[in-house]
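Peer 1: First the structure, which I've put down as structure tokens, then a few questions once you've had a look.
Every number here is computed from the coordinates shown, using simple stated rules; none is lab data. Here the structure is a predicted model, which means the values were calculated and not measured. Cβ placement follows ideal geometry from the backbone for every residue including glycine, while neighbour counts extend to all protein chains displayed.
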Amino acid sequence: MTDFDDNEGVYNLDGKEIIKEPLVYYVLYKPTGYLTTVSDDLGRRTVMDLIDPETKKTRIFPIGRLDYDTTGLLILTNDGEFANMLMHPKHEVKKTYDTWVAGYVPGAEVRLARPIELDGYTIRPPKVKLIRADGKKAKFQ
């Protein structure tokens, strides 16, 4: 039998007390040279290396992914429901990315704006807008 004391975040499961961790949310600016994961079997640096040990005791994890060479804003949390709401395609949460592309080819934004298949869902084509181009590089949003 399970009982829950909502005021204190304490569960009682078959006579054993289980304390529910409070939900936490952190924002982190990820620099290049870090993997967006909790751990890496090859010993590479991860975003968790940027978090102080006391904070990591809450077993947080990053929401979403940024490539190894990409910088950007990440949310870290221990709230699985919130993470799923942001990441799963069925919730259609709009995300905006500003991207610099080296070796710009005119018309590249047209090729970027195609539907994406993810977890059995077809996601609408992203809106891709050319912000600036100088022939050698371009910035998209």
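Peer 1: Spin-label point model (7 Å from Cα, Cβ direction): what's the N84 to K129 distance in nm?
Peer 2: About 3.4 nm separates the two model spin labels.
Peer 1: Something else: I need to check one value: relative contact order of the chain, counting alpha carbon pairs closer than 8 Å and at least 6 residues apart, in percent. List each step's numbers first, then the result.
Peer 2: On the way: 210 pairs, mean separation 23.7, N = 141.
About 17 percent, as a whole number.
Peer 1: Quick check on the range 71-141: take the gyration tensor over C-alpha atoms, sort the square-rooted eigenvalues as a ≥ b ≥ c, and tell me if it's rounded (a/c under 1.5), prolate or oblate.
Peer 2: oblate
Peer 1: How do the peptides 66-79, 91-104, 43-56 rank, highest first, by the average count of neighbouring beta carbon atoms within 10 Å per residue? Numbers along the way, then the final one.
Peer 2: Details: 66-79: 15.2, 91-104: 10.2, 43-56: 12.7.
Descending mean neighbour count gives 66-79, 43-56, 91-104.
Peer 1: Which far-off residues, 5 or more places away or on another chain, put their amide H under 5 Å from the one on K30, with H placed in the peptide plane?
Peer 2: Here G72, L73, L74 satisfy the definition.
Peer 1: On to the next question. Can you pull the one-decimal nm distance between simple spin-label points at Q141 and K95, each 7 Å off the Cα toward Cβ?
Peer 2: A separation of 1.8 nm, rounded to one decimal place.
Peer 1: Shifting gears a bit: Holding the Cα-Cα limit at 24 Å, pick out from K56/K95; K20/K94; K20/K57; K30/K137; K16/K57; K56/K90 the pairs that are longer than that. Working shown, then result.
Peer 2: Values: K56/K95 26 Å; K20/K94 31 Å; K20/K57 13 Å; K30/K137 22 Å; K16/K57 22 Å; K56/K90 30 Å.
Cα-Cα > 24 Å for K56/K95; K20/K94; K56/K90; rest within.
Peer 1: Three principal axis extents, largest first, for the C-alpha atoms of the chain, in Å?
Peer 2: Sorted from largest, the Cα extents of the chain read 68, 33, 27 Å.
Peer 1: Once fully extended, how much extra length lies between K57 and R45, figured as 0.36 nm per residue of separation less the alpha-carbon to alpha-carbon distance? Mind dumping the intermediate values first?
Peer 2: Numbers: separation 12, 0.36 × 12 = 4.32 nm, distance 1.84 nm.
Result for the pair: 2.5 nm of gain on full extension.
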